[in-house]
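Here's the structure we're looking at; comments come further down.
The values are calculated or read from the model by the stated rules, or taken from the named source; none is laboratory data. In this text, all values refer to a predicted model and were calculated from it rather than measured experimentally. FYI the Cβ positions are ideal-geometry reconstructions off the backbone, even for glycines, and counts take in every protein chain you see. Side chains are part of the model used for accessible areas, which takes the heavy atoms of the whole protein and leaves out ligands, DNA and RNA. Shrake-Rupley method; radii C 1.70, N 1.55, O 1.52, S 1.80 Å.
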Protein chains: 2
Amino acid sequence: MSTAMDQADRPQLVELEQQLSAQLEHYRNAGLKLDLTRGKPGTEQLALSDALDGILEGDYRDSAGSDLRNYGGLDGIPEAKVLFAEMMGVAPGEILIGGNSSLTMMYFAVLFAMQQGVAGPDSAWARENGTIKFLAPVPGYDRHFAICQQLGIEMIPVALGDDGPDMDQVETLLREDPLIKGIWCVPRFSNPTGIVYSSEVVQRLARLASIAGDNFRVFCDNAYAVHALVADAPALDNVMDAFKQAGSEDSLYLFGSTSKITFAGSGVSFVAMSSANQATFKQQLGISQIGPDKINQLRHVKFLRDSHGLDAHMGRHAALLKPRFDSVIKQLREGLDGWDIARWIEPSGGYFVSFDTRPGLAKIVVGMAASAGVVLTPAGATFPYGNDPEDSNIRIAPSFPSLADIEQAMKVFVCCVKLATVQQRLASA
Amino acid sequence: MSTAMDQADRPQLVELEQQLSAQLEHYRNAGLKLDLTRGKPGTEQLALSDALDGILEGDYRDSAGSDLRNYGGLDGIPEAKVLFAEMMGVAPGEILIGGNSSLTMMYFAVLFAMQQGVAGPDSAWARENGTIKFLAPVPGYDRHFAICQQLGIEMIPVALGDDGPDMDQVETLLREDPLIKGIWCVPRFSNPTGIVYSSEVVQRLARLASIAGDNFRVFCDNAYAVHALVADAPALDNVMDAFKQAGSEDSLYLFGSTSKITFAGSGVSFVAMSSANQATFKQQLGISQIGPDKINQLRHVKFLRDSHGLDAHMGRHAALLKPRFDSVIKQLREGLDGWDIARWIEPSGGYFVSFDTRPGLAKIVVGMAASAGVVLTPAGATFPYGNDPEDSNIRIAPSFPSLADIEQAMKVFVCCVKLATVQQRLASA
């Protein structure tokens, strides 16, 4: 059946439904156990960084001569600042290097803004008269949304297009409601759509502070800053520079980490911010800790060395990831091209393929795939409160499984998409 | 002058003042630069754990077969749970193993209790009608106090005696005010007095929940659990068991870390709690992170191995620390015995010597010592809000400097204590 499904008559649909049901039954009987849920590096990717353990060879001092085994140094070590500042496009003095989790950095940044104030106690969002809100470009990252939810921040979804959030919508909402205090952004290889924010979007983000209420911040999670799958992947404008040119650098928090560069659970995180923001943030952060694991920071500097070392290392990641993404795209194209029943984005970087079923089918497809042993991220997870109003977005994460498993899982997935769509058509006819 | 200073007449005091002033001037001209401020391990102590880096030798799996390089596992790794549960006297299922900072664990525990609730949102302290308060045994640890201060919790000092907090005072205060929701405890080798809580105190702590307001918690920072200086140092009763026997295990949070066991800045932290507390805490904690650095946990298990390995390792620390404490005590005894102008506690473990001047002299002594190049922890730091109402407590931290530096610094310190006291006597006469 190579024509679009909408041109099929009822008998054709019934026949197709039977074929696809039989195929799904076949998969169900195969005892598959495949997982396309979380964007975690594969084993071969992790092994790329095995030299980390033992790399210090008894050298525990940083360039300033400090003994990194001891307490202290909330900032992170000088040479890690140099390395990751360059990666993030900021000055070494503008970055703090933390522990293994940029999510914790983000959590603290939102928490402190809410309770302690981005610029002194009077600026605490919690002191405003009304519920604090964030803009959430969708589809987006569930763990960003969870932070807002725990901290009592209401999320307003805005559409994420091919070049970033719908900035007309963003600006209109901000003009209307000064209680909107933040926006989540993953500016390069967005989670999950893989898109890269355009120059215009970055520039308009940099001007938001001038139309938003007081103490507005852009929470920019540049988690995939150097995670291209292909050499000609789109670049991202220098975000900090754009904000500086707009005179709004105080409205930017720029996060990053090595979680998908070295060991996912044992990397280092960082946050870049203006000197005014950093002074406030450090004072607040210092209450909860004496300092990060500086020894692990030194390991990372010795291992990655400089931007050339980082680039070469990321090339080795891409060599492992690209075939996995190619396999996903190949199965989607072979299985669904010409059917006109789904859309997906073919990313040039990041960790996901974002897939849209026809409205109302994402949950059904995810459930159907699970019944055949293929676990997908829960439908809705890419939306605030787990609520995809169209029930159509599914996030496919192909980094961890083997190529053979991806191919098998995607065949099951394609079957489920087709079957769910046929059944929907039959039910509505 | 071997008699007590109070028996001296004015001419004797004037002569003594002149002698001591000349001595201080001599120290001032010596260009000393000595630091007795923070309780951080010395370089030789840190070197005891140098085998940590490289210890994994390519083995990244825990006993359950998980690849520890990857994301996941908020609990910490199974073998670290076994090792540190034994150290804390709890079951492996009762402990969570975290990142490099137990202070962060404590911060989160207080934060969540305040904002999210120790047992669901309705139990959040922030929902109570009035200012939340903590009891702070004094002298105590400034970083505990800083957490309360940032989170808007009022602290009420209670006296810390030789066997723990004054429990009569604690119980009376709790009966009077249901808004007292917590108490800070360092039950073994208290910071800074070095005392060990008695069995009776531990048992009375375990019964506090029955007289306190709802959702009361004992924040027990067992930072020096295995940090004895001598073989016959007093043991601490099993804290969790005492709470279980009282049926109040939900009122205990028990923290610990390896910060003063391996690398101060690159260790692992842990918190033991009842299963009900753990379920709530994990759900709250999981919003701020995907999981701790499990690789570093595995390093610690491979390095310390078991309780025997831990004991042997702590013996090596004691061998380095004991002479430093002995030097402090020797200088205090030689310089001040018979003068009747100060009190100090000679600890059998921990990281500090707690010293009390006559009332009103601690700030003067600290300032005087600084003028001669000897830096001490700011007077008042061991009290909430930096306010020692007697202005008498000074925390001496001898772990980091060399023996020669300690001896020199303590001579200066003793001179300052005498001089400040004589000047006080002369001014009041």
Inset, instruction - Determine the shielding of peptide B:92-105 by partner chains: average, over its residues, the number of Cβ atoms on other chains within 10 angstrom of each Cβ. - result: 3
Legend entry - Largest to smallest accessible area among B:THR172, B:THR193 [probe 1.4 Å]: B:THR172, B:THR193
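Just to verify a number: FRET efficiency for B:VAL375 and A:LYS330, C-beta to C-beta distance, R0 = 41 Å, to 0.05?
It comes to 0.05.
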Inset, instruction - Quick one: accessible surface of A:ASP306, probe radius 1.4 Å, all protein chains present, in square angstrom to the nearest 10. - result: 70
Inset, instruction - Let me know the charge dipole size of the range B:100-234 about its Cα centre in debye, to the nearest 20, where only the beta-carbon of Lys, Arg (+1) and Asp, Glu (-1) is charged. - result: 360
Legend entry - For residues of A:259-267, the mean tally of beta carbons on other chains within 10 Å: 6
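Rounding to the nearest 20 debye, state how big the charge dipole of the range A:234-323 is about its Cα centre with +1 on each Lys and Arg Cβ and -1 on each Asp and Glu Cβ.
440
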Legend entry - Surface share of carbon and sulfur [accessible, 1.4 angstrom probe, percent] for chain A: 48
Inset, instruction - Report, in debye and to the nearest 20, how large the dipole of the range A:1-131 comes out about its Cα centre when Lys and Arg carry +1 and Asp and Glu carry -1 on their Cβ. - result: 360
Legend entry - Debye log10 I(q)/I(0) for the range A:317-429, one point scatterer per Cα, at q = 0.18, 0.22 Å⁻¹: -0.88, -1.29
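Which of rounded, prolate or oblate describes the range A:169-327 when judged by the alpha-carbon gyration tensor and an a/c cut-off of 1.5? Spell out each step's value before the answer.
Numbers: a/c = 2.27, a/b = 1.30, b/c = 1.75.
Here the range A:169-327 falls in the oblate category.
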Legend entry - Per-residue average of Cβ from other chains inside 10 Å of A:64-70: 6
Inset, instruction - Could you check what % of the DSSP bridge pairs in chain B are antiparallel, to the nearest 5? - result: 45
Inset, instruction - Can you list the distances in nanometres, one decimal and ascending, from the B:ALA159 label point to the identical position in each other copy, with the point 7 Å along Cα to Cβ? - result: 7.2
Inset, instruction - Give the angle, between 0 and 90 degrees and rounded to the nearest 10, that separates the Cα long axis of helix B:362-371 from the longest principal axis of the Cα atoms of chain B. - result: 80
Inset, instruction - Give the ranking of B:GLU407, B:GLU44 by solvent-accessible surface, highest area first, calculated with a 1.4 Å probe. - result: B:GLU44, B:GLU407
Legend entry - Heavy-atom accessible surface that A and B bury in contact, both chains counted, 1.4 Å, Å² to 100: 4200
Legend entry - Per-selection Rg to Rh, the protein assembly as shown - Cα, Kirkwood hydrodynamic radius: 1.03
Inset, instruction - Could you work out how far the C-alpha centroid of the range B:74-125 sits from that of the range A:1-48, in angstrom? - result: 42
Legend entry - For B:LEU74, inter-copy label distances in nm, listed shortest first [label point 7 Å out on the Cα-Cβ vector]: 2.7
Inset, instruction - Place the label 7 angstrom along Cα→C-beta at A:ALA404 and in each other copy, then list the distances from the first to the rest in nm, shortest first. - result: 6.7
Legend entry - Rounded if a/c under 1.5, otherwise prolate or oblate - the range B:47-172, Cα gyration tensor axes: prolate
Inset, instruction - Please name whichever of A:SER198, A:LEU252, A:PHE263 sits farthest to the positive end of the charge dipole of the range A:196-305, dipole taken about the Cα centre and charges placed at Cβ: Lys and Arg +1, Asp and Glu -1. - result: A:PHE263
Inset, instruction - As a check on your grasp of the helix formula, calculate [θ] at 222 nm for chain A: sum -39500 (n - 2.57) over DSSP H runs of n ≥ 4, divide by the residue count, round to the nearest 500. - result: -12500 deg cm²/dmol
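Suppose R0 equals 22 Å. What FRET efficiency, 1/(1 + (r/R0)^6) with r the Cβ-Cβ distance, do A:ASP306 and A:SER275 give to the nearest 0.05? Could you put the intermediate results ahead of the total?
Numbers: r = 25 Å, r/R0 = 1.12.
It comes out at approximately 0.35.
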Legend entry - Share, in percent, of DSSP beta bridges within the protein assembly as shown that are antiparallel, nearest 5: 45
Legend entry - Angle between chain B longest axis and helix B:78-88 axis [Cα atoms, degrees, rounded to 10]: 40
Legend entry - Within the range B:248-272, backbone nitrogen closer than 19 Å to the virtual label 7 Å beyond the Cα of B:ALA119 toward Cβ: B:248-254, B:272
Legend entry - Signed unit charges on C-beta, dipole axis of the range A:223-348, positive-most listed residue A:SER327, A:ILE290, A:GLY338: A:ILE290
Inset, instruction - Find, among the residues of chain A, the one whose Cβ sits nearest the axis of the rotation taking A to B; state the distance in whole Å. - result: A:GLY54, 1
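Could you provide, to the nearest whole Å², the per residue accessible area of the range B:1-116 with probe 1.4 Å? Present the calculation step by step, with values, prior to reporting the outcome.
Values: 4890 Å² over 116 residues.
Value for the range B:1-116: 42 Å² per residue.
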Inset, instruction - Heads up, I need the accessible area for A:LYS322: 1.4 angstrom probe, whole protein in place, Å², nearest 10. - result: 60
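Return the FRET efficiency for the residue pair B:ALA319, B:GLN12: r is the Cβ-Cβ distance, R0 is 56 Å, and the value is rounded to the nearest 0.05. Intermediate results must be reported in sequence, preceding the final value.
Working: r = 44 Å, r/R0 = 0.78.
With R0 = 56 Å, the Cβ-Cβ based efficiency is 0.80.
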Inset, instruction - When a/c is below 1.5 the answer is rounded, else prolate if a/b is larger than b/c, else oblate, so apply that to the range A:1-77 with a ≥ b ≥ c taken from the square roots of the Cα gyration tensor eigenvalues. - result: prolate
Legend entry - Pairwise label distance in nanometres, B:THR37 with B:ALA159, each label 7 Å out on the Cα-Cβ vector: 3.2
Inset, instruction - Evaluate the Kirkwood expression for the hydrodynamic radius of chain B, namely the inverse of the mean inverse distance over all pairs of different C-alpha atoms, and round to one decimal in Å. - result: 22.9
Inset, instruction - Treating the angle as unsigned and between 0 and 90°, give the value, to the nearest 10°, between the Cα long axis of helix A:294-304 and the longest Cα principal axis of chain A. - result: 60
Inset, instruction - Subtracting the Cα-Cα distance from 0.36 nm times the residue separation, let me have the gained length for A:ALA231 to A:ALA51 in nm, one decimal. - result: 62.2 nm
Inset, instruction - For the range A:278-304, state which residues have at least 50 Å² less accessible area in the presence of all protein chains than in their chain by itself, taking the probe as 1.4 Å and leaving out ligands, DNA and RNA. - result: A:ILE287, A:SER288, A:ILE290, A:ASP293, A:ARG299
Inset, instruction - Mind grabbing the accessible area of B:ARG358 for me, 1.4 Å probe, Å², rounded to tens? - result: 50
